Each structure stands twice: as structure tokens, then as C-alpha cells.
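Each remark here refers to the structure printed beneath this line.
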Amino acid sequence: MHENLVALREAALSELAAAVDAEALEAWRIKYLSRKGGALSEAVKALAALPREERPVYGQAVNAVKAAIEAAFAKRQEQLKAAALEAELSGSAIDVTLPGRKPSLGRLHVTTQNLRQLYAIFAEMGFQVYDAPDVETDDYNFGLLNIPPYHPARDMWDTFWVSQSATPQPTERSLVMRTHTSPGQIRVMRERCPEPIRVILPGKCYRYEQITARSEHQFYQMEGLAVGKNIRMTDLIGTLQQFARRMYGAGRRLRVRGSYFPFTEPSIEADMDCILCGGKGCGVCKYTGWLEIAGAGMVHPVVLRNGGYDPDIYSGFAFGMGVERPAMLKYKINDIRYFYGNDLRFLEQFG
Ligand code: PHE
């Protein structure tokens, strides 16, 4: 074979073996195989300069070299592609045997758990849950509940007032963060009148108070309301006693004391015997043997009338109880601020 062709083939093959990436391979292709100025096309052109009798042999040889280096190129191209794929796969490895991350399961807030227990107990006694707004008018929170402006009973509730203007005036007092769940009484009555009513109204209440271990400026209450014909004080007491027994144990005793609320007449406070000492007296009940569970009473005639019911035909009872306080007693929680502190160490202990 023509020695130029042998040299060409050897050089091409050894340089090809040295090309380790796509870039080097492309440079090699241009140097040897490109139509314009590639080493192979130069070798083909050389054919024309040879004497006629040498041409067939040279032609065959050149074709053989061309076939050899083209085949080698194709093979090298495949090798480099496979190597690149291999590198990519081993570089960003997906280890399918790695165990998954365990999702951390949440749980219901201790207050939610307690509320649901309350709903269940009252549902069995025929009470529906009624949702009333957190932001109320002065009228619903006070006026319609028989607490007129400047009535001293307003001092029972330290109030957050909500301003509706950019430059609030001290006299502008029409919207409030509800200070108790009682305004919901008027809302249910106005919606249901003249149907009989048996509802509980759970929700957050707000008071402009100093935050301490015993009082937060936001807390839950649960109101109860029954309106109908022939509803009496004994129905109220029976309902609260039944509640105390289902919530805190079958043997619970209830006592009532006279009290005052502008929207009930007569008004009472209901106590049950202490769940810790059973009435003997301990630190939790402050050595009285009793724990207060609700403020309550017969719905005041003015309130019935404001709700649309004729007090000569209808009567009703209402009660209001705290939600956090009983939970504090039950779980021996000594600071109400934990309920809103968002501390998982506290929250994870319940449920
Ligand atoms: N709303 C009263 C309070 O917040 C509780 C109450 C409710 C009393 C219903 C009587 C009847 O103190």
C-alpha cells in the first residue's frame, strides 16, 4: 500500500483513540473526514496526480483506508456516548433502596379536643352547635342583652373596641371583639323565632385584660341556650348536672348559688364538687371543695323580647362556661398562656 496512506491510517487511528470527549471527537472528524480539506479527501485528490496504471491500486487502497477510519470513528462515537451516559448515571445516583422519611403526624389542639367532647355530650342532650361572629356590634354584645350604654354592668367585661375609621375617636364605640358568647343568643333567637331552640355556641372571646398565668386576652367560651314553652330553672340545673357527670365522672354533685347577670333573671353560678379531692378541700379548689363550672340563669324577659319571643308565652335558660379552665384542672396545667404559646413540647402531650 502507498506509504502515505499507511501513515494517514495510523495517525488517524491513534489520534482517534486519544479523543476522550465529544469536543475532541469533533475536532478529529473535521481534521480527517471533512469534505473540504479533510486529510482523507486530500488523499483522494492525490489520485489525479498519479500515473494512469497506478490509479486502480491506489484507489482501492484509499477506499479501504476510508472504510477503516469511518468504521473506527463510528465505533469511537458509540463508546464515548456510552461513557458519558455511564458518568451521568453514577454521578447523580438515585438510591431507590433509601428508606423514605417518616411524615410527622399532627394532632388536634387540646382546646379542640375538649370542645369536641363538649359537642358530643350536648349533642346527646339534643343541642346543636351554632356559630356566631367574633366581631360584634355594641348592640349585640351589650345593648340587646339588657346592658345599656353607661350601665355599670359593662364593667364586668373589659372590651376591645374595633375602629372603623382611620382616625378613631374615643367616643366611637360601635364594633367590639365579643367579650362573651352571649351575643350569639340574640342571633339564634332572631333566626329561629318562633321555633323552640336548643343550641350551644362555642367560640373565642376577647377581653382587654392583663395577661397572666390565669387570664389571657383571648379564650374560649361555650354558651348554651334553650328557648321554648315551659322551660324552667330545674331544666337548667338538670342539664348542667348531666353535663358535669358525663364530662367529669358519674358521681359528680352540683350546687347553685344566686348571682347576677343583666341578661338572666334569676341568675346563678353552678359549681361541682372538686374533681381532685371530691369535696374534701385541696389546693385546686382553694379548700372550698367546689369548682365553678358556669354562669347561668333564666333568659331575661327583655332579652327574649329582643330575640323576638313573647316572654308571656316563652321562657328559656342560658349558661356560659369556660373551655380552657376546665382543661387546666383536668390536666393540671398551671398557666393558661401555654394554650396559645405554640410550643410543641406542650401541645404534643395531648392526644
Ligand atoms: N356571658 C357571661 C360571662 O361571660 C356568662 C353567662 C352566659 C351567664 C349565659 C349567664 C348566662 O360571664
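Against the test of being in the same structural domain as GLN185 (by TED's automatic domain parsing), within 12 Å of the ligand (Cβ to nearest atom) and either touching a residue at least 24 places away in the same chain (Cβ under 8 Å) or not β-branched (Val, Ile, Thr) (or both), the options ARG246, ARG232, ARG207 yield a single qualifying residue, ARG207. Checked across region 274-290, the condition of being surrounded by 14 or more Cβ atoms within 10 Å (Cβ to Cβ), in the same structural domain as VAL199 (by TED's automatic domain parsing) and among the aromatic types (Phe, Trp, Tyr) holds for at least one residue. Residue check: is TRP157 of a type in the set (Phe, Trp, Tyr) and in contact (Cβ under 8 Å) with a residue 40 or more places away in the chain? Considered against the rule, which asks whether it is of a type in the set (Phe, Trp, Tyr) and in contact (Cβ under 8 Å) with a residue 40 or more places away in the chain, TRP157 comes out as yes. May I ask you to verify whether TYR119 is at pLDDT 90 or above, under 27 Å from LEU329 (Cα atoms) and open to solvent by 50 Å² or more (accessible area, probe 1.4 Å)? In short, yes.
Checked against the criterion of being over 60 Å from the mean Cα position of the chain (by Cα) and not aromatic (Phe, Trp, Tyr), the candidates ALA67, ALA82 yield just one match: ALA67. So which residues in region 330-340 are hydroxyl-bearing (Ser, Thr, Tyr) and surrounded by 15 or more Cβ atoms within 10 Å (Cβ to Cβ), if there are any at all? Passing the criteria: TYR338, TYR340. Can you name every residue in region 341-351 that is out of contact with any helix residue (DSSP H, G or I) (no Cβ under 6 Å at 6 or more places or on another chain) and surrounded by 15 or more Cβ atoms within 10 Å (Cβ to Cβ)? The one that is out of contact with any helix residue (DSSP H, G or I) (no Cβ under 6 Å at 6 or more places or on another chain) and surrounded by 15 or more Cβ atoms within 10 Å (Cβ to Cβ): LEU347. The set of residues in region 218-229 that are away from the ligand (no atom under 11 Å from the Cβ) and open to solvent by 20 Å² or more (accessible area, probe 1.4 Å) comprises GLN218, TYR220, LYS229. Taken over region 173-187, the criterion of being more than 9 Å from the ligand (Cβ to nearest atom), out of contact with any Gly (no Cβ under 6 Å at 6 or more places or on another chain) and among the β-branched types (Val, Ile, Thr) is satisfied by VAL176 alone.
Residues that are crowded, with 21+ Cβ neighbours inside 10 Å and aliphatic (A, V, I, L, M) were ranked within region 299-322; the one that is farthest from the ligand (Cβ to nearest atom) is LEU304.
Checking the structure you have, find out if any residue of region 192-201 is outside any strand (DSSP E or B), within 13 Å of the ligand (Cβ to nearest atom), surrounded by 15 or more Cβ atoms within 10 Å (Cβ to Cβ) and on the phi < 0 side of the Ramachandran plot. Taking every residue of region 192-201 in turn, none turns out to be outside any strand (DSSP E or B), within 13 Å of the ligand (Cβ to nearest atom), surrounded by 15 or more Cβ atoms within 10 Å (Cβ to Cβ) and on the phi < 0 side of the Ramachandran plot. A single entry from ALA296, ALA327 fulfils the requirement of being under 21 Å from TRP157 (Cα atoms) and either away from the ligand (no atom under 14 Å from the Cβ) or open to solvent by less than 20 Å² (accessible area, probe 1.4 Å) (or both): ALA296.
Within region 249-273, being within 16 Å of the ligand (Cβ to nearest atom), open to solvent by 50 Å² or more (accessible area, probe 1.4 Å) and small (Gly, Ala, Ser) holds for one residue alone: GLY258. Per this entry, LEU105 is counted among residues that are out of contact with any Pro (no Cβ under 7 Å at 6 or more places or on another chain), in a loop (DSSP other than H, G, I, E, B) and open to solvent by 50 Å² or more (accessible area, probe 1.4 Å). Flag: MET233 does not match the condition of being open to solvent by less than 30 Å² (accessible area, probe 1.4 Å) and on the phi < 0 side of the Ramachandran plot.
The values are calculated or read from the model by the stated rules, or taken from the named source; none is laboratory data. Quantities reported herein were computed from a predicted structural model and do not represent experimental measurements. Neighbour counts run over all protein chains shown; Cβ positions are idealised from the backbone, glycine included. These area figures cover heavy atoms from the full protein model, side chains too; ligands, DNA and RNA do not enter into them. Shrake-Rupley method; radii C 1.70, N 1.55, O 1.52, S 1.80 Å.
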